[in-house]
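The structure under discussion appears below in the form of structure tokens.
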Amino acid sequence: MAEDNKQAITVGFIGLGRMGRGMASNLCRKGFSLVVYDINSKAVQELVKLGAQGGKSIAEASKDVDVIITMLPNSAIVQEAVTGPDGILAHARAGAIVMDMSTVDPQVTDHLADAAKKKGLSFVDAPVGRLASHADRGESLFMVGAAALDFERVKPLLEAMGSTIHHCGVIGTGTRTKLVNNYLAVVSCQLNAEALTLSQRFGLSLEKTLDVIYGTTATNGQLKIAWPEKVLKGDITPGFTIDLAHKDLTLIMEAANSVKAPMPIGAAAREAYSTARARGFGQNDFSAMLDAWCDVSGTEKARLKS
């Protein structure tokens, strides 16, 4: 598809939170025509400065565009935005695509896809991998569930917002793949937190402990890639909060339960995240599970020497 044709795609973007703002900004910078909406008017104005048109409602962001993107906090908000009386399906034109990029209950994805089909619209689920900093740089990873033709229609948008795109299969496979991915990422943080708290209690050198772990199969991406740039150097500003990780684990446990897949480690991890939230760590980056567990254990925070 020629560049001019890519940029001829008109987009309604609903949800300009920490992730959505970066994603929508990249679409603006790369020449796409956007109508944006968020309950936070300041977020809307930031996108207007980049060339987007500010919408005053979901309806304004949904009508007369080719693709309507939702990037919202939870299943209930997504469902209301799409199927509510003033939602997307009530205002989108026939033939448009609704692309939900939120992390939601797979059964909600299935329901929204059916509702969109009845209205003559296509539906794509394309939840986002990686962090808010990647979204800012246009380096997100997308897990996409879509019919082949719909995938080709939205691919130029995904390429503008990210660097890695996986077409996982039919509608619903993107959302389900995201839950599998997030399960490992979120549970790994708790496992790492316990291991490094134990290292602290043993009085070991954090640097030497990590040198050993990094050279064995015990390592993982959170510990080797993410944590040295976050909690281990004292940065717990949120890219993905403990509260959101807890929300995702709850989604995962409910989805697993619906298909009779036992998740005993997931259940224990969710309660660990509940403990961290109860101790006031909920709005910190999920790497701060390390700080939460050091706090629970009465242990000095684990930090790399500068």
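Read-outs throughout are calculated quantities, based only on the coordinates presented, and are distinct from any laboratory measurement. Just so it is clear, the structure is predicted and the values come from calculations on it, not from any experiment. Glycine gets a Cβ as well: all are built from the backbone with ideal geometry, and neighbour counts include every protein chain shown.
For the reader, a short list of remarks on this structure follows.
- Neighbourhood charge, 9 Å Cβ-Cβ cut-off, centred on residue 47 and excluding it, Lys, Arg +1 and Asp, Glu -1: 0
- Averaging the sequence gap over all C-alpha pairs within less than 8 Å and six or more residues apart, then dividing by the number of residues, gives the stretch 1-78 a relative contact order of 38 percent.
- Shape category assigned to the chain from the gyration tensor of Cα positions, a/c cut at 1.5: prolate
- Residue of 121, 198, 244 that the Gaussian network model of the chain assigns the largest fluctuation, springs spanning Cα pairs under 10 Å: 198
- Computed over all pairs of different Cα atoms, the Kirkwood value for the hydrodynamic radius of the stretch 3-170 is 15.3 Å.
- Legend: distances between Cα atoms for 30/56; 208/230; 208/305; 49/155; 224/305; pairs beyond 21 Å are 30/56; 49/155.
- Cα convex hull, the stretch 177-297: 105 Å³ per residue, rounded to a whole number.
- Averaging the sequence gap over all C-alpha pairs within less than 8 Å and six or more residues apart, then dividing by the number of residues, gives the chain a relative contact order of 13 percent.
- For the stretch 177-297, the relative contact order is 41 percent, taking Cα pairs closer than 8 Å that sit 6 or more residues apart in sequence and dividing their mean separation by the residue count.
- Integer Hz, Karplus 6.51/-1.76/1.60 couplings in order for the stretch 71-79, x for Gly and Pro: 9, 10, x, 7, 4, 5, 5, 4, 4
- Taking amide H as placed 1.01 Å from N in the peptide plane, the amide H of residue 129 sits under 5 Å from that of 141, 142, 143, each at least 5 places away or on another chain.
- Simple spin-label estimate for residue 86 and residue 184 gives 4.3 nm between the two label positions (7 Å along the Cα-to-Cβ direction from each Cα).
- All other residues whose Cβ lies under 11 angstrom from that of residue 170 are scored, Lys and Arg at +1 and Asp and Glu at -1, for a net of -2.
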